[in-house]
Amino acid sequence: MRVAIFDFDGTLYKKETFNSLMEHLKGHSDYQKEYKQFYRRIIPPYLGHKLKIYPTHRMRAHSMQLYMSALDRLSLKELNDFFGSLAKKMRSDFNPAVIKRLEKHFQDGTHTMLVSGAYTQLLTHFKKEFPFDEIIGTDIPILNDEVNKTEKIEHIQGTMKNIKINESLKNKNIDWENSFAYADSISDLSVLERVGHPVAVNPDKELRKIATERDWEIIEVKK
């Protein structure tokens, strides 16, 4: 079985999801009051990251936890509606070149996977439109049909992506040499390295250097 693994931020989606999440919370008529408290809480880790005393991966995970806290006690329906309205806004900024590759892989019978640090409850809205066989994201904990901010999230980033991919494909015979992976960031290097056909999409500086040295395919798309 061949697989095609797609990152979300900067790859399928041209922008950064967290920025879109912040704007959506800030401008939402029902939840914008939560934005000010969320913003005050996110400033310290953000400044720590800028001063290089707070690692990027910790800052991202902490930011996702704080954002989830702003959605505390939303019901599953309210959470679905919240992310559904955001998904509609995001759709215009999807990468047509990557969508074309996704559709081709699906038609070829390749097992397509969306693997991202974005919230699973957001990513599932795109499964209705795009042919993903599977979605792996950061789950928002639910308790008694409501968002449970007291439970720590497991943020899917870096090598954690490979762990989740392995769990998902356990006991399946994968033809990695003829499989594909698409990503834009050096943080996804371990995912790109495991397939025979790694593709860098609008890569950051570090990934571009490696992709060029190793003669990997690079897809350039205007943002």
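Kindly state, to the nearest 0.05, the FRET efficiency for GLU206 paired with LYS152, given R0 = 35 Å and r defined as their beta-carbon distance.
0.75
What is the dipole size for the stretch 107-223, taken about its Cα centre, with +1 at each Lys and Arg Cβ and -1 at each Asp and Glu Cβ, in debye to the nearest 20?
Using Cβ point charges on Lys, Arg, Asp and Glu, the stretch 107-223 gives about 220 debye.
Give me the base-10 log of I(q)/I(0) for the stretch 102-161 at each q in 0.17, 0.19, 0.22, 0.28 Å⁻¹, Debye formula, one uniform scatterer per Cα, rounded to two decimals.
One equal scatterer on each Cα of the stretch 102-161 leads to -0.64, -0.75, -0.90, -1.12.
Say the dipole of the chain comes from +1 at the beta carbon of Lys and Arg and -1 at that of Asp and Glu; which of PHE94, ASN19, ASN173 then lies farthest toward its positive end?
Looking along the dipole axis, the top candidate is ASN19.
By counting other Cβ atoms within 10 Å of each Cβ, how are HIS28, HIS105, HIS111 ranked from fewest to most?
Listing HIS28, HIS105, HIS111 from fewest to most nearby Cβ atoms yields HIS28, HIS111, HIS105.
Label points 7 Å out from Cα along the Cβ direction at ASN166 and LYS26: separation in nm?
Result for the modelled spin labels: 4.0 nm.
Placing +1 on the Cβ of each Lys and Arg and -1 on the Cβ of each Asp and Glu in the chain, which of PHE126, GLY48, ILE153 has its Cα farthest towards the positive end of the resulting dipole?
GLY48
Cα centroids of the stretch 193-211 and the stretch 1-77: how far apart, whole angstrom?
25
Any of LYS88/LYS170; LYS172/LYS205; LYS77/LYS222; LYS33/LYS77; LYS33/LYS89; LYS104/LYS161 with alpha carbons more than 28 Å apart? Name them for me.
As for pairs spanning more than 28 Å Cα to Cα, those are LYS88/LYS170; LYS172/LYS205; LYS77/LYS222.
Summing -39500 (n - 2.57) over the DSSP H runs of n ≥ 4 in the chain and dividing by its residue number, what mean residue ellipticity at 222 nm do you reach, to the nearest 500 deg cm²/dmol?
Value at 222 nm, helices only: -14000 deg cm²/dmol.
So between HIS57 and ILE142, what do we pick up on full extension, going 0.36 nm a residue minus the alpha carbon distance?
Once the chain is fully extended between HIS57 and ILE142, it gains 28.2 nm.
Return the loop-located trypsin sites (Lys or Arg not before Pro) in the stretch 21-97 (DSSP other than H, G, I, E, B) with at most 16 other Cβ atoms within 10 Å of their own Cβ; answer none if there are none.
Here the trypsin sites (Lys or Arg not before Pro) that fit, given the DSSP loop and packing criteria, are LYS52, ARG73.
Treating only the Cβ atoms of Lys and Arg (+1) and Asp and Glu (-1) as charged, compute the dipole magnitude of the stretch 3-219 about its Cα centre; round to the nearest 20 debye.
My answer is approximately 760 debye.
Which value, in debye to the nearest 20, describes the size of the charge dipole of the stretch 1-111 about its Cα centre when Lys and Arg Cβ atoms bear +1, Asp and Glu Cβ atoms bear -1, and nothing else is charged?
Dipole of the stretch 1-111, to the nearest 20 debye: 340 debye.
For a footprinting-style exposure proxy, rank ILE53, ILE5, ILE153 by other Cβ within 10 Å, fewest first.
Ordered from fewest to most neighbouring Cβ atoms within 10 Å, ILE53, ILE5, ILE153 come out as ILE53, ILE153, ILE5.
Counting only GluC sites (Glu not before Pro) that sit in a DSSP loop (anything but H, G, I, E, B) with at most 16 other Cβ atoms within 10 Å, what is the longest stretch of the chain containing none of them?
17-128
Neighbouring Cβ atoms within 10 Å as the yardstick, rank THR17, THR11, THR124 fewest first.
Least crowded to most crowded, the residues run THR124, THR17, THR11.
Read-outs: derived from the displayed coordinates by stated rules, not from any lab. What you see is a predicted model, and the numbers here were worked out from it, not measured in a lab. Glycine gets a Cβ as well: all are built from the backbone with ideal geometry, and neighbour counts include every protein chain shown.
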